[in-house]
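Engineer: Here it is: the structure, laid out below.
Bear in mind that the values in this text are calculations on the coordinates, not laboratory data. Worth saying up front: this structure is predicted, and the values here are computed from it rather than measured. FYI the Cβ positions are ideal-geometry reconstructions off the backbone, even for glycines, and counts take in every protein chain you see.
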Amino acid sequence: MGEYAFSLLDIDYILEEKKPVIRIFGRTDKGQSIVAFDRGFEPYFYAYSKEPEKTAERLKELKKEEFVIEKVKIEKKLLNGKEVKILKVVMQSPTEVPSAREAVKHVRGVEGVYEADILFARRYLFDNGLMPMVMISAKGKIVSDAEIKKNYKAEILIDLEERPKNTDKTLSDLNVMSFDIEVYNPKGAPDQKIDYITMLSLKDGKIEKLISTKTSKEPSNKIEKVSSEAEIIKKFAEIVNERDVDILVGYNSDQFDLEYIRNRMERVKYEVVLGRTEDPLKFKKKGLFTAVQTIGRVHIDLFHYASYILRGALGGISSRTLENVAQTFLGEGKKEIDWKVMWKYWDEGDEKLDQLFEYALHDSVLTWKLANVFLPKVYEIAKLVKIPVFDAIRTSYGQLVENYLIWNAHERNEIAPNRPDEEERDARYELGAIEGAYVKEPKKGMYENIALLDFRSLYPTIIISHNIDPSTINCDCCKGIAEPVPETKNWFCKKRRGLIPDVLEKIIDRRVKVKEHMKKLDKNSEEYKELDNEQYALKILANSAYGYLAYRNARWYSRSSASSVTALGRMYIKKIMDVAENEKLEVIYGDTDSLFAISKEGPIEDRIKNFLKKINSELPRAMELELEGIYKRGIFVSKKRYALADKNGKTTVKGLEFVRRDWSQLAKDTQKKVLEALLDKGSSEKAFEIVREVINRLKEGRVTKEDLVVYTALTRPLEKYEVTAPHIAVAKILKKKGEDIKTGSSIGYIIIKGEGKISERARPVDEVDFKKYDKDYYIEHEIIPAVSRVMEALGYEEGALLGKKQFKLTHF
């Protein structure tokens, strides 16, 4: 028996003679790939009865063809905040749990069945306290069975002799490989039935490679020519195996690359194997999308991370394309080739083909670079919530919180509540939204020396300070003693700590300590980067807790608790606004947990210092109001619509239209230039001149085709649209011409002058003389809407922008 230290990359189970075998995939501290088997972990769930001894005997006698109950134990656990005796029902196989659960529900004396839907592999992690993406240690014997060994592509196979344990060793170096395919697409969006894969690019820490059925004009060691489409994929699988890849990374690879590869290879009866077992690609339904597993290697689709986890960080980017995300986080984008003409580059060959090769390889390079930025953060999330990284990147905020609560409930010896059934979910949905946050409408206009103040994690600290939890609300022990929450009839227990506030307090305390330590470190050091990833994961969990309480699919759902949080939030934000006004600050805008203020008298810095000292001395311990920044200038248009510039010229724009994809480039550029003139120079006159100049350019024909194109994506099948918007009209034209138009297709069009509705005058970009554009449309429906809110906030009426009258309202 040997002892092994290895990273916990992934975990699942298989059945051997109806018994489950846990499989842990990893890489050792010596750099070897490893699979560890645990044949001793049993599936189970809980059943509650007021007569546990009698009911236990009935369960032992329960005999069904669909399942085998191995044993029934009586344990003490906390259920709904109270200690009870509960029955632990141990099963033969995880696959038998669903049928056993239904049968046990109907046994006399059973009042509830719990935790029967916790996935077996996750149960293993929870029960053993194991964290994915850390080094674990385990003792085991080398597997010598040749029949088992031939099914795995790993250097070491061991049978565990005891349960693994977490270690404090540094995660072993992992081999991360990105990949991307290109396809032949003469009709636009590719059709998997007829459009073949032309090339596949890949990159890891040592190699960059492109596999294709053609080669470049000039010899290149990066390009390998093969004989057929199938050979492209076979070569890819061979390289993945040779390089012994741990993490396989794509961008939209769940919905496109791997699905396309699988479907194309089915035509030639080739089963695609990319994992560390002989299993083919495994397609799993996860909510609205399908996730693709490469068993034993972790398949990461960064599109999910950009779409869900990074929504806030991406701010105004409306499209989660590789181009946009790479520009945001790497400062570089894709090579410029219009995807609609890629097939022409393939057909023409020579220099055009070389450009296509360069384009394709660069996509893999960008994906690999993004992986280096994002994966450490994903690893931290997986570690924190104790779920495999494959699931962590594809999991909603609510499910991340729920998994973390389940693990913490286990640590507190608590039974997790059940998920709601469909009837209960529908009933929760019918209740509608709870009353939200307080918003003080902004005083429109342009201001200077603006302080932005916000609460440090307002809703989480309210939950902590007021002990808000489904198990503490309206408790009998504090009835008439605990003070009710304003605007509600709810109170919360003063004697017993709830699970959610207890967990949140630990998260926030840990994050505060981490951030304090980070201040002492060099920002380029590895320790700083690791701690930054940790605080980021902690922040995601803390900020998601309130939303989870009101999430209709939540186990720990409590509408009354959630509404109490927002009621207290409204109370606190109103309180600080009142105090601010008394401290000679003018609040020009307030929303949820933050406010913008200017000084009525004296330097803003002095006013804010005194105000913060006063207000923080009056708030509960966990709560704190902080100075986010002082801005040299800002424009406030309406709630959630404003723009700011700090003293270094860095701008922050919220809710204004140039972030929208469905504006023409000219409209986006115009609004951006207007905001720059206002925020940088403080000149509304300059902003006005910019608008007038653009309008004159449109009237005089001094614009390009690129200025005028509007792109809008189809959000559903074409036949599902009842109203014919311009992009729908153009999509129908393109479909008649044979292009493959479907959900997700980006439709570019230009509006030309003429009779009829706007949609009747929309034309495909490649089929129109752009000089026939409708100048009135672009002025009245693009330029004016893009700038009118900002300019009206400064007193300029639409008529002045159009040149009908030069008028500025004097009261601004």
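Engineer: Let me have the 222 nm mean residue ellipticity of the chain computed from DSSP H runs of 4+ only, each contributing -39500 (n - 2.57), with the sum over all residues rounded to the nearest 500. Don't jump to the answer; show the numbers that get you there.
Structural biologist: On the way: 25 runs with 291 residues, N = 812.
Calculated from helices alone, the mean residue ellipticity at 222 nm is -11000 deg cm²/dmol.
Engineer: Which of the cysteines found in the chain have nothing to pair with, since no other Cys Cβ lies under 4.7 Å from theirs?
Structural biologist: Cysteines of the chain left without a disulfide-compatible partner: C477, C478.
Engineer: Show me, for the stretch 352-357, the HN-Hα J-couplings you get by feeding each phi into the Karplus relation (A = 6.51, B = -1.76, C = 1.60, θ = phi - 60°), rounded to Hz, glycine and proline as x.
Structural biologist: Using θ = phi - 60°, the values come out as 4, 5, 4, 5, 5, 4 Hz.
Engineer: Rounded if a/c is under 1.5, else prolate if a/b is larger than b/c, else oblate: which is the stretch 185-257, with a ≥ b ≥ c the root eigenvalues of its Cα gyration tensor? Intermediate values should be presented prior to the final figure.
Structural biologist: Numbers: a/c = 1.86, a/b = 1.20, b/c = 1.56.
Since a/c reaches 1.5 but b/c is at least a/b, the shape of the stretch 185-257 is classed as oblate.
Engineer: How much net charge surrounds K444 when only other residues with a Cβ under 12 Å from its Cβ are counted (Lys, Arg +1; Asp, Glu -1)?
Structural biologist: Surrounding charge for K444 is +2.
Engineer: How far, in nm, would the chain grow between D476 and N151 when pulled straight, counting 0.36 nm per residue and subtracting the alpha carbon separation? Can you show the working numbers first?
Structural biologist: Numbers: separation 325, 0.36 × 325 = 117.00 nm, distance 5.90 nm.
Extending this stretch completely gives an extra 111.1 nm.
Engineer: OK, next. Could you pull out every residue, at least 5 positions away or on a different chain, whose amide H is within less than 5 Å of the one on D180? Hs are placed 1.01 Å off N in the peptide plane, and Pro or chain starts have none.
Structural biologist: For D180, the qualifying residues are S201.
Engineer: What's the extension gain from R702 to K529 if we count 0.36 nm per residue and subtract their Cα-Cα distance?
Structural biologist: 57.4 nm
Engineer: Please compute one quarter of the surface area of the Cα convex hull for the stretch 1-168 and express it in square nanometres.
Structural biologist: Over every viewing direction, the Cα hull of the stretch 1-168 projects on average to 11.2 nm².
Engineer: What pairs from K222/K335; K334/K735; K203/K225; K222/K369; K222/K340 go past 20 Å between their alpha carbons?
Structural biologist: Working: K222/K335 17 Å; K334/K735 27 Å; K203/K225 17 Å; K222/K369 18 Å; K222/K340 25 Å.
In this structure, K334/K735; K222/K340 exceed 20 Å between Cα atoms.
Engineer: Further question on the same structure: Please report the projected area of the stretch 267-386's Cα convex hull averaged over all directions, in nm². Mind showing how you got there, number by number?
Structural biologist: Working: hull surface 42.1 nm².
That works out to 10.5 nm², a quarter of the Cα hull's surface.
Engineer: Now for a different question. Please report the spacing between the Cα centers of the stretch 579-643 and the stretch 447-493 in Å, no decimals.
Structural biologist: 21
Engineer: Could you calculate, for the stretch 658-809, the ratio of the Cα radius of gyration to the Kirkwood radius, expressed as Rg to Rh?
Structural biologist: Taking Rh as the inverse mean 1/r over Cα pairs, Rg/Rh reads 1.03.
Engineer: Taking 60 Å as R0, compute the FRET efficiency from the Cβ-Cβ separation of D776 and S227 and round it to 0.05.
Structural biologist: So the FRET efficiency works out to roughly 0.55.
Engineer: Let me ask another. Charges on Cβ only, +1 for Lys and Arg, -1 for Asp and Glu, centred on the Cα centroid of the stretch 104-157; of V110, Y152, M135, which one is farthest towards the dipole's positive end?
Structural biologist: Of the listed residues, the answer is Y152.
Engineer: Also, I was wondering about something else. For the stretch 584-589, take each phi angle, set θ = phi - 60°, evaluate the Karplus expression 6.51 cos²θ - 1.76 cosθ + 1.60, and give the result in whole Hz per residue in order, putting x for glycine and proline.
Structural biologist: These are the phi-based 3J(HN,Hα) values: 6, 10, 9, 7, 9, 6 Hz.
Engineer: As an exercise, use a Förster radius of 60 Å and the Cβ-Cβ distance of N582 and R412 to find the FRET efficiency, rounded to the nearest 0.05.
Structural biologist: 0.85
Engineer: Right, something else. Each residue of the stretch 46-58 in order: what ³J(HN,Hα) in whole Hz does its phi give by Karplus 6.51 cos²θ - 1.76 cosθ + 1.60, θ = phi - 60°, with x for Gly and Pro?
Structural biologist: 10, 10, 9, 8, 6, 10, x, 5, 5, 5, 4, 5, 5
Engineer: Give me the number: length gained by fully extending V84 to T652, i.e. 0.36 nm times residue separation minus the C-alpha to C-alpha distance, one decimal in nm.
Structural biologist: Additional length available on full extension: 199.1 nm.
Engineer: Let me test this: with uniform point scatterers at the alpha carbons of the stretch 176-385, what is the Debye-based log₁₀ I(q)/I(0) at q = 0.11, 0.13, 0.16, 0.17 1/Å?
Structural biologist: -0.51, -0.73, -1.14, -1.29
Engineer: Determine one quarter of the surface area of the Cα convex hull of the stretch 722-812, which equals its mean projected area, and express it in nm² to one decimal. Kindly include the intermediate steps, with their values, before the conclusion.
Structural biologist: Working: hull surface 32.4 nm².
Approximately 8.1 nm², given one-decimal rounding.
Engineer: In percent, what relative contact order does the chain have, based on Cα pairs under 8 Å that are 6 or more apart in sequence?
Structural biologist: On the way: 1523 pairs, mean separation 77.8, N = 812.
Rounded, it is 10 percent for the chain.
Engineer: Follow-up. For each of H517, H781, count neighbouring Cβ atoms within 10 Å of the residue's Cβ, then give the residues from fewest to most.
Structural biologist: The order, fewest Cβ neighbours first, is H517, H781.
Engineer: Still on this structure, please answer the following. Placing +1 at every Lys and Arg Cβ and -1 at every Asp and Glu Cβ, with all other atoms neutral, what dipole size does the stretch 1-168 have around its Cα centre, in debye to the nearest 20? Spell out each step's value before the answer.
Structural biologist: Details: 31 positive and 30 negative charges, 80 e Å.
Value, rounded to 20: 380 debye.
Engineer: Let me ask something additional. Please report the spacing between the Cα centers of the stretch 249-304 and the stretch 685-761 in Å, no decimals.
Structural biologist: Cα centres, the stretch 249-304 to the stretch 685-761: 36 Å.
Engineer: Taking square-rooted eigenvalues a ≥ b ≥ c of the alpha carbon gyration tensor, is the stretch 545-685 rounded, prolate or oblate, where a/c under 1.5 means rounded and, failing that, a/b exceeding b/c means prolate?
Structural biologist: oblate
Engineer: Got a sec? Charge dipole of the chain, +1 on Cβ for Lys and Arg, -1 for Asp and Glu; which of L171, A645, F37 is way out at the positive end?
Structural biologist: A645
Engineer: Two-decimal Rg/Rh of the chain from alpha-carbon positions, Kirkwood Rh?
Structural biologist: Checking Rg against Rh, the ratio lands at 0.99.
Engineer: Report the local net charge at E780: Lys and Arg +1, Asp and Glu -1, summed over other residues whose C-beta lies under 11 Å from its C-beta.
Structural biologist: For residues surrounding E780, the net value is -3.
Engineer: Which FRET efficiency value, to the nearest 0.05, do you get for N372 and S307 by plugging their Cβ-Cβ distance into 1/(1 + (r/R0)^6) with R0 = 22 Å?
Structural biologist: Efficiency at R0 = 22 Å is approximately 0.70.
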